[in-house]
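Asks: Input: one structure, supplied below.
None of the figures in this text is laboratory data; all of them are computed from the coordinates on show. Note that the structure is a prediction, hence the values are computed from the model and not measured. Here the Cβ positions follow ideal geometry from the backbone for every residue, glycine too, while neighbour counts run over all protein chains shown.
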Amino acid sequence: MTSSCAECGQSIVGRSDKKFCSDQCRHQFNNRKKRIHEAAILNINQQLRKNRTIIKSLNPVGKTIVRRSILEKMDFSFDFFTHLYRTERGTTYYFIYEYGYALIEDEKIVLVKYQPYMNRKVYDLFNQRNPDHT
Ligand SMILES: [Zn+2]
């Protein structure tokens, strides 16, 4: 019984349960499949990275207020963030990794950096990765 390679279509000799004619075809097939799956993640990671760079550049001291239009001009995307932090007063901060923002009055935005009280576990993780940044 013969079957054909899932990558190149050549007929396969030998065991009938073999899916590929060679290791090279198996690698090519699996790599392509992986690339397709990873593309969606990569696209979102790219936008997250861009968002983080933008708010990091606007917030060098730890807390800043900027106009929403400034972020929009820099092509910041309000759709992409990593997690939320909600204060006791009910303000929601949108975080992109360790940098966050909240919408406030008059089309303004407050930018903040992650603080220990927001989530001990995440804070510890950041400190482990960046022992110099406390
Ligand atoms: Zn093949």
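Asks: Anything in the range 81-108 that is exposed (fewer than 10 other Cβ atoms within 10 Å of the Cβ) and on the phi < 0 side of the Ramachandran plot? List them, or say none.
Replies: Once the filter is applied, which keeps residues that are exposed (fewer than 10 other Cβ atoms within 10 Å of the Cβ) and on the phi < 0 side of the Ramachandran plot, the range 81-108 yields Glu88, Arg89, Glu105.
Asks: Would you check if Val61 is loosely packed, with under 13 Cβ neighbours inside 10 Å and either more than 25 Å from the chain's Cα centre (by Cα) or among the acidic types (Asp, Glu) (or both)? Reasoning before the result, please.
Replies: Working: loosely packed, with under 13 Cβ neighbours inside 10 Å: yes; either more than 25 Å from the chain's Cα centre (by Cα) or among the acidic types (Asp, Glu) (or both): no.
Here the answer is no, as Val61 does not meet what is asked.
Asks: Working only within the range 14-56, note down all residues that are surrounded by 10 or more Cβ atoms within 10 Å (Cβ to Cβ) and in a loop (DSSP other than H, G, I, E, B).
Replies: Selection gives Lys18, Lys19, Phe20, Cys21, Ser22.
Asks: Keeping to the range 52-64, report how many residues are in contact with a helix residue (DSSP H, G or I) (Cβ under 9 Å, 6 or more places away or on another chain) and of a type outside the set (Val, Ile, Thr). Talk me through it step by step, then tell me what you get.
Replies: So the first thing to find is which residues in the range 52-64 are in contact with a helix residue (DSSP H, G or I) (Cβ under 9 Å, 6 or more places away or on another chain), and the list is 54-55, 58, 64.
Imposing the further condition that a residue be of a type outside the set (Val, Ile, Thr) reduces the set to 58.
Of the residues in the range 52-64, 1 are in contact with a helix residue (DSSP H, G or I) (Cβ under 9 Å, 6 or more places away or on another chain) and of a type outside the set (Val, Ile, Thr).
Asks: Follow-up question, since we're still on this one. Using the structure shown, decide if Ser77 is of a type in the set (S, T, N, Q), within 16 Å of the ligand (Cβ to nearest atom) and outside any helix (DSSP H, G or I). Let's see the steps before the verdict.
Replies: Values: of a type in the set (S, T, N, Q): yes; within 16 Å of the ligand (Cβ to nearest atom): no; outside any helix (DSSP H, G or I): yes.
So Ser77 fails the test.
Asks: For the range 6-33, enumerate the residues that are touching a strand residue (DSSP E or B) at 6+ places or on another chain (Cβ under 7 Å) and within 15 Å of the ligand (Cβ to nearest atom).
Replies: Of all residues in the range 6-33, those touching a strand residue (DSSP E or B) at 6+ places or on another chain (Cβ under 7 Å) come to 10-12, 16, 18, 21.
Correct list: Gln10, Ser11, Ile12, Lys18, Cys21.
Asks: Another question, if that's okay. Yes or no: Ile36 of a type in the set (A, V, I, L, M, F, W, C), more than 30 Å from Tyr101 (Cα to Cα) and more than 16 Å from the ligand (Cβ to nearest atom)? Steps first, answer last, please.
Replies: Working: of a type in the set (A, V, I, L, M, F, W, C): yes; more than 30 Å from Tyr101 (Cα to Cα): yes; more than 16 Å from the ligand (Cβ to nearest atom): yes.
So Ile36 passes the test.
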